Amino acid sequence: MTDESVTGQLRSPQSPRSGRPADDRNTAGTSAVVSSTRAEWFVPAALIVLSAVPMIAGAVRLTELTGGAEITPENARFFAVPLPVVLHIISATLYGVLGAFQFVPRFRRRRPGWHRVAGRVLVPCGLVAALSGLWMTLFYPRPDGDGDLLAVFRLLFGSVMVLALVLGFAAIRRRNVVRHRAWMIRGYAIGLGAGTQALTHLFWFLFFGTPGEFPRALLVGAGWVINLAVAEWIIRRRSAVRPRTRLSS
């Protein structure tokens, strides 16, 4: 083996066209993949943060029920019939956390089995959360500040959530992935309404103080409307991107 051949082996590999080391291209490609992965994981992280307030409130309520807290006019209805509120808190928490990870396309593609198993958990959890919410609206005594309009909003959006989950499940049984995804996004948006409602109430508190019966109903309804508007934007955006992708390919 000559000196020349040794030198050639030690020399860094270069692209015959660009003259740039291959390592630089590999590093750039890796950085792009890492950035894309981080961007995808931002969505579930934001969704979990959005649902943090209702989850914390639910945990406090469960602590009250299991720890024998003092019964007050505000929580007496929960102590009288605890099962619906316990089911609602547990199912809504699982639904909010597990559902957030369904918004990571790369994760769904790499772990299709996990996606299917999580879906089998999400649909029952979402139905239990919605149906228990409907039961509490109909049969629990109303607390101060909850009027007829708020009850109508809760019954309306709770029923739409049940319908969305049923239609989403029926669509995937027919192998219609597009309709399945659209209805599941709508159902998740309604299920995450409590997080957005915390934000709408926060802005009202900061500028106007404690809301009355009518403003409170509008603030709660606004949380669901905002979430559904974002859901429809996501659904339509994906529908618009898909035909362009097929045409370009």
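Checking G113 against (1) in contact with a helix residue (DSSP H, G or I) (Cβ under 7 Å, 6 or more places away or on another chain); (2) at pLDDT below 95; (3) open to solvent by less than 50 Å² (accessible area, probe 1.4 Å); (4) within 24 Å of A182 (Cβ to Cβ): exactly one of these is not met. Which one? Evaluating G113 over (1) in contact with a helix residue (DSSP H, G or I) (Cβ under 7 Å, 6 or more places away or on another chain); (2) at pLDDT below 95; (3) open to solvent by less than 50 Å² (accessible area, probe 1.4 Å); (4) within 24 Å of A182 (Cβ to Cβ) leaves (1) as the failure. Looking across the range 200-219, not a single residue is under 15 Å from S51 (Cα atoms) and in contact (Cβ under 8 Å) with a residue 40 or more places away in the chain. Mind checking which residues of the range 84-110 are of a type in the set (A, V, I, L, M), open to solvent by less than 30 Å² (accessible area, probe 1.4 Å) and part of a helix (DSSP H, G or I)? Within the range 84-110, V85, I89, A100 meet the criteria.
Using the structure shown, decide if A118 is under 17 Å from the mean Cα position of the chain (by Cα), under 21 Å from W183 (Cβ atoms) and open to solvent by less than 80 Å² (accessible area, probe 1.4 Å). Against the criterion (under 17 Å from the mean Cα position of the chain (by Cα), under 21 Å from W183 (Cβ atoms) and open to solvent by less than 80 Å² (accessible area, probe 1.4 Å)), A118 qualifies. For the residues G145, G209, the requirement of being in contact with a helix residue (DSSP H, G or I) (Cβ under 6 Å, 6 or more places away or on another chain) and not basic (K, R) singles out G145.
The values are calculated or read from the model by the stated rules, or taken from the named source; none is laboratory data. What you see is a predicted model, and the numbers here were worked out from it, not measured in a lab. A quick note on method: Cβ atoms are made from the backbone with ideal geometry, for glycine too, and the neighbour counts reach across all protein chains shown. Remember, those area values only see protein heavy atoms, side chains included, never the ligands or the DNA or RNA. Shrake-Rupley method; radii C 1.70, N 1.55, O 1.52, S 1.80 Å.
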